[in-house]
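Please read the structure below before turning to the comments.
The values are calculated or read from the model by the stated rules, or taken from the named source; none is laboratory data. What you see is a predicted model, and the numbers here were worked out from it, not measured in a lab. Note that we place each Cβ from the backbone using ideal geometry, even for glycine, and neighbour counts take in every protein chain shown. Note: accessible area is taken over every heavy atom of the protein model, side chains too, but ligands, DNA and RNA are not part of it. Shrake-Rupley method; radii C 1.70, N 1.55, O 1.52, S 1.80 Å.
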Amino acid sequence: MFFSRGTSHTKPDPDFQRLWASVTVSSLGDGMRFVALPLLAAQLTSDPRQIAAVYLAEQLPLLLFGLFSGALADRVDRRRILWLVDAVRALTIGALAVAVADHSVTIHLLVGVGFLLGLGQTLYNGAWSGMVPTLVAPTDLTRANARLQASSLVADTLLGTPLGALLFGVAAALPFAVDAVSFAGAAALALMLRGNFQPPPPAGPSTGGTLCRDMVHGVRWLWQHRLLRRLCLASGITNLVGAGLIAILVLYARQVLGLGSLGFALLVASFALGGVAGAAGTPRLTARFGNQRVLKLTAAGTAIAAAAAGLAQSGPMAAACIAMYGAATLAWNVTAVSLRQALVPSELLGRVAMAYQMVIGGGTALGAAAAGFVADFFGLRAPFFAGAVLLLAAGLISTRITGAGTLPTQRAAAFDGHVPEQRQRSDGPASEAEDH
């Protein structure tokens with residue numbers, strides 16, 4: 001049960017249901033595009049560097065515009081950003097569908113479209129970062145994020161990727177056309193959100209009136225919070241590995257495992273099956289073992305799964321390993337996102353979250369680029385083994401992420417040297433994040 005606007009009432013918040021539906025609808029189209037875009041790129045070239053470049057183009061806008069996105073989201077109505085961005089993305093992917101149907105698509109066009117979609121996702125994420133904590137009670141953050149990520153995985157990977165592969169086999173333009181419709185539907189649902197989604201005014205001294213100064217403040221706040229700084233570093237490593245494996249998975253499936261388009265889609269779907277289980281179990285795991293242990297154990301789980309996937313000799317064996325990787329990854333993500341949302345004041349959610357995501361985006365971009373070169377020089381199994389080593393490093397960092405005590409206590413005490421501006425707030429979550 002989700003509660004209205006962080007109160008103790010038991011009435012479900014209809015805006016959360018609309019937001020949940022918007023994410024799910026958009027995720028279905030994303031899943032089809034996720035499998036169709038590399039399949040389309042693989043039709044145009046067999047060079048792993050060029051295929052990885054298409055994925056890399058989607059990650060670059062986060063590095064270039066992430067801080068701007070967060071500062072903007074802390075100034076204007078976040079709902080307006082959501083529906084405008086999805087409307088523009090519907091037009092962009094619709095234009096790609098037309099180009100594919102006209103047989104005029106090129107790798108350069110895919111890179112350009114990927115960049116535009118990545119820019120839209122960056123702006124969307126800046127606004128999205130502050131939405132969930134305003135729609136659910138503080139004690140329901142983990143459950144809300146678990147359900148959002150689980151439903152997104154079901155629609156995106158479990159349903160969207162096999163459907164995208166099937167539609168791609170019928171007509172290459174079809175999955176992109178359906179993705180355009182899904183973006184339009186998501187925009188309509190976001191437009192239906194009611195209430196005030198204008199960020200609250202600062203609770204402490206203002207950092208100034210310019211977007212530039214707001215962006216700097218978000219970076220400084222994140223850097224000075226040692227718990228979030230460690231969490232950010234570990235998250236960057238896990239995303240670096242995940243992006244690298246995604247970037248070369250289509251070639252790994254075809255050239256190493258001997259799978260066709262549908263087999264590749266089923267490999268991706270196995271990630272969703274594991275991910276749904278991992279997300280569903282996360283609230284109970286964190287309640288029983290604490291954030292620190294869950295983060296540490298799931299990082300170790302992803303390392304073991306990545307190495308095992310690199311050793312796989314058949315499609316079913318690889319699918320089982322990828323399912324394990326998905327379960328551990330989603331448990332990590334839900335725990336990390338919920339912890340971050342609980343620790344950051346509402347008026348800073350956009351800026352701090354996007355500064356955080358820029359580090360993650362840097363890892364994602366580096367992983368996508370590096371995996372192509374590692375696979376080109378050392379073979380398509382090598383990125384899995386290198387990734388396992390890096391994930392073990394993330395597990396070691398996770399051993400020092402969370403401190404004991406209530407979340408307001410952690411928010412007030414976890415800064416290096418001095419307390420940044422705007423950190424005090426009287427409505428902080430009262431839930432605990434103890435290391436048991």
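The set of residues in segment 284-324 being over 21 Å from Ala394 (Cα atoms) and in a helix (DSSP H, G or I) consists of Arg284, Ala287, Arg288, Leu311, Gly315, Pro316, Met317, Ala318, Ala319, Ala320.
Remark: pairs (first residue in segment 270-284, under 14 Å from Ala320 (Cα atoms) and open to solvent by less than 40 Å² (accessible area, probe 1.4 Å); second residue at pLDDT below 85 and not aliphatic (A, V, I, L, M); Cβ separation under 6 Å; 6+ apart in sequence or on different chains) = Ala272/Thr157. The condition of being open to solvent by 40 Å² or more (accessible area, probe 1.4 Å), modelled with pLDDT under 75 and part of a loop (DSSP other than H, G, I, E, B) holds for Ser8.
Reported count of residues in segment 127-157, each being open to solvent by 30 Å² or more (accessible area, probe 1.4 Å) and more than 28 Å from Leu266 (Cα to Cα), is 6.
Selection over segment 364-381 of residues that are surrounded by fewer than 17 Cβ atoms within 10 Å (Cβ to Cβ), touching a helix residue (DSSP H, G or I) at 6+ places or on another chain (Cβ under 9 Å) and in a helix (DSSP H, G or I) gives a count of 3. If only residues of segment 134-148 that are in a helix (DSSP H, G or I) and β-branched (Val, Ile, Thr) are counted, the one that is modelled with the highest pLDDT is Thr142. Can you tell me which residues in segment 69-108 are of a type in the set (S, T, N, Q) and either over 23 Å from the mean Cα position of the chain (by Cα) or open to solvent by 50 Å² or more (accessible area, probe 1.4 Å) (or both)? Across segment 69-108, the qualifying residues are Ser104, Thr106. If you scan segment 332-354, which residues turn out to be open to solvent by less than 10 Å² (accessible area, probe 1.4 Å), touching a Leu at 6+ places or on another chain (Cβ under 7 Å) and closer than 14 Å to Trp223 by Cα? Leu343, Val352, Met354, listed by residue number.
Which of (1) under 21 Å from the mean Cα position of the chain (by Cα); (2) open to solvent by 40 Å² or more (accessible area, probe 1.4 Å); (3) at pLDDT below 85 does Val111 not meet, given it meets every other one? Here Val111 clears every test but (3).
Just one residue in the set Ala303, Ala265 is over 25 Å from Gln43 (Cβ atoms) and either within 22 Å of the chain's Cα centre (by Cα) or open to solvent by 40 Å² or more (accessible area, probe 1.4 Å) (or both); that residue is Ala303. The number of residues in segment 384-397 that are open to solvent by less than 60 Å² (accessible area, probe 1.4 Å) and closer than 12 Å to Ala303 by Cα comes to 8. Which ones in segment 226-259 are open to solvent by less than 40 Å² (accessible area, probe 1.4 Å) and more than 19 Å from the chain's Cα centre (by Cα)? Correct list: Leu227, Val250, Leu251, Tyr252, Ala253, Leu257.
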